[in-house]
Amino acid sequence: MEGIKSAQGSMKAIQCELGSLPLRRVQLLKAYTEQQAQAHAVTDAIREEYGDGVVDLETYEFTPNKEKT
């Protein structure tokens, strides 16, 4: 009987976690969107200050794009 009780308790805990997944998904998507917006803001600030180019995230070296003639 204890085995059944234990299994039912585990099943109930799993059901509770499954029920919270949609809310957690929404929270994670919001956090992701906020981080994405922050990355775009930094990229835009770098582009405005230095022009178009590429930043090496390991060395922080900025390499400007070559102008087309």
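The values are calculated or read from the model by the stated rules, or taken from the named source; none is laboratory data. Since the model is a prediction, treat every value here as computed from it, not as a measurement. Here Cβ is always computed from backbone atoms with ideal geometry, including for glycine, and neighbour counts include all displayed protein chains. Areas reflect the complete protein model, heavy atoms only, side chains present, ligands, DNA and RNA absent. Shrake-Rupley method; radii C 1.70, N 1.55, O 1.52, S 1.80 Å.
Scanning the stretch 19-41 turns up no residue that is on the phi < 0 side of the Ramachandran plot, open to solvent by less than 90 Å² (accessible area, probe 1.4 Å) and acidic (Asp, Glu).
Taken across the stretch 53-65, residues that are assigned to a helix (DSSP H, G or I), at pLDDT below 95 and surrounded by 10 or more Cβ atoms within 10 Å (Cβ to Cβ) do not occur at all. Any idea how many residues of the stretch 42-52 are open to solvent by less than 60 Å² (accessible area, probe 1.4 Å) and acidic (Asp, Glu)? Final tally of qualifying residues: 0.
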